[in-house]
Amino acid sequence: MPDTPILRLGTRRSPLAMAQAEEARARLCAAHGWDVGAVELVPVIASGDKIQDRPLAEIGGKALWTRELDLWLAEGRIDAAVHSMKDVETIRPDIIAIGAILPRADKADTLLGAASIAAIPQGAKVGTSAPRRAAQLLHARPDLEVVGIRGNVATRMAKLEAGEADATFLAAAGLSRLGEDNVGVRLDPEDWLPAPAQAAIGIECRASDERTREALVVVNHAESRDEVLAERALLQGLGGTCHSPIAVLTTRTDDRLTMRAAIFSPDGSQRVEGTASFACDDLAAPGELARTLLDDAPPEIAVNFGQME
């Protein structure tokens, strides 16, 4: 093990965040031929992990996942930070750059507690604090009751077991990264649209740190990066926040992306969908799709957009 690590990777302390950081370290070491000790994992307790009893949108939004790591980056206490890209604010500080997007995993959601959305018992309680999942569920099944559940994967599975809800959702990628591939039922993302940037691990660094940027670019997965940047461009065009129910599926054919996006009213009663196909490096096209969706949106939907975080 080197006396001084070549890279210090910051990460949240949750089991899933640590698993993602381990994956980032493994890919970096494999790509550069480094010993595992060349990359030090530096855990930090994020604000979002400290507050578990309220929806994220009520207590500060996605910044609660990035605030501490951003500060440590700015202070030079870490060289880079590993994030679930779906949890990273759309507008980032100028001093921070996305150094790499790792190969994206399964974008699907997993349903726990029932064999399908249709099979959830009439009037059952479904636990989620994600506006997208809640609105998409109520659009399909307005008879169901949504109850707030937050926490890491193990916490949410325990709350389901304890009867706080009859069913809940988890990301398939997160379950897989924790070795829980056999839990729940995978929901086809063509029918149940995922969250923007779901299943993508990103590594951020200081924009001015050329040494770290050169180290990270070696593990960047171009196809995944194209999808994530396109979906973040859609978010920016919509002015989406943690309160905004947004679902999107992006697929690739050769050098073109096809994006299906839907926005909802929080109660799921209203839904607007649109599709666009564009070159993989065209970040203006998702913004145009966003404008089309908002132009078609009734007031019950539009009021939840245009604020940005």
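The values are calculated or read from the model by the stated rules, or taken from the named source; none is laboratory data. Keep in mind that this is a model prediction, so the values were computed, not measured. Ideal geometry is used to build each Cβ from the backbone, glycine not excepted, and the neighbour counts take in all protein chains shown.
Would you tally the residues in region 218-231 being farther than 21 Å from Cys29 by Cβ and surrounded by fewer than 24 Cβ atoms within 10 Å (Cβ to Cβ)?
Number satisfying all stated conditions: 3.
If a residue must be more than 26 Å from Arg271 (Cβ to Cβ) and of a type in the set (Asp, Glu), how many such residues does region 139-193 contain?
4
Within region 241-254, take every residue that is under 13 Å from Glu227 (Cβ atoms) and free of Cβ contacts under 8 Å to residues at least 40 places away in the same chain and give me the one that is surrounded by the fewest Cβ atoms within 10 Å (Cβ to Cβ).
Among those residues, the one meeting the criterion is Thr253.
Across region 149-166, what is the total count of residues that are touching a residue at least 24 places away in the same chain (Cβ under 8 Å), surrounded by 15 or more Cβ atoms within 10 Å (Cβ to Cβ) and more than 17 Å from Ser116 (Cβ to Cβ)?
Of the residues in region 149-166, 8 are touching a residue at least 24 places away in the same chain (Cβ under 8 Å), surrounded by 15 or more Cβ atoms within 10 Å (Cβ to Cβ) and more than 17 Å from Ser116 (Cβ to Cβ).
Please state which one of Ser277, Ser269 is touching a Ser or Thr at 6+ places or on another chain (Cβ under 6 Å) and either assigned to a strand (DSSP E or B) or over 30 Å from Arg25 (Cβ atoms) (or both).
From the options Ser277, Ser269, the qualifying one is Ser277.
Counting only residues that are surrounded by fewer than 18 Cβ atoms within 10 Å (Cβ to Cβ) and in contact with a strand residue (DSSP E or B) (Cβ under 7 Å, 6 or more places away or on another chain), which one in region 98-117 is nearest to Pro196 (Cα to Cα)?
Among those that are surrounded by fewer than 18 Cβ atoms within 10 Å (Cβ to Cβ) and in contact with a strand residue (DSSP E or B) (Cβ under 7 Å, 6 or more places away or on another chain), it is Ser116.
When you go through (1) among the acidic types (Asp, Glu); (2) under 26 Å from Thr66 (Cβ atoms); (3) in contact with a helix residue (DSSP H, G or I) (Cβ under 7 Å, 6 or more places away or on another chain) one by one for Asp181, which number turns out not to apply?
The one condition Asp181 does not meet is (2).
So which strands (runs of 3 or more DSSP E) are wholly in region 39-103 and hold at least 3 residues that are modelled with pLDDT of 90 or more and over 12 Å from Ile203 (Cα atoms)?
So the answer is 39-44.
Say whether the condition of being outside the structural domain of Gln20 (by TED's automatic domain parsing), within 22 Å of Gln20 (Cβ to Cβ) and modelled with pLDDT of 95 or more is met by at least one residue in region 155-169.
Yes - at least one qualifying residue is present in region 155-169.
Okay, residues lined up against (1) assigned by TED's automatic domain parsing to the domain that holds Ala30; (2) under 15 Å from the mean Cα position of the chain (by Cα); (3) over 20 Å from Glu75 (Cα atoms):
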site: Gly179; (1), (2), (3): no, no, yes
site: Pro194; (1), (2), (3): no, yes, yes
site: Glu204; (1), (2), (3): yes, yes, no
site: Ser208; (1), (2), (3): yes, no, no
site: Leu216; (1), (2), (3): yes, no, no
site: Arg225; (1), (2), (3): no, yes, yes
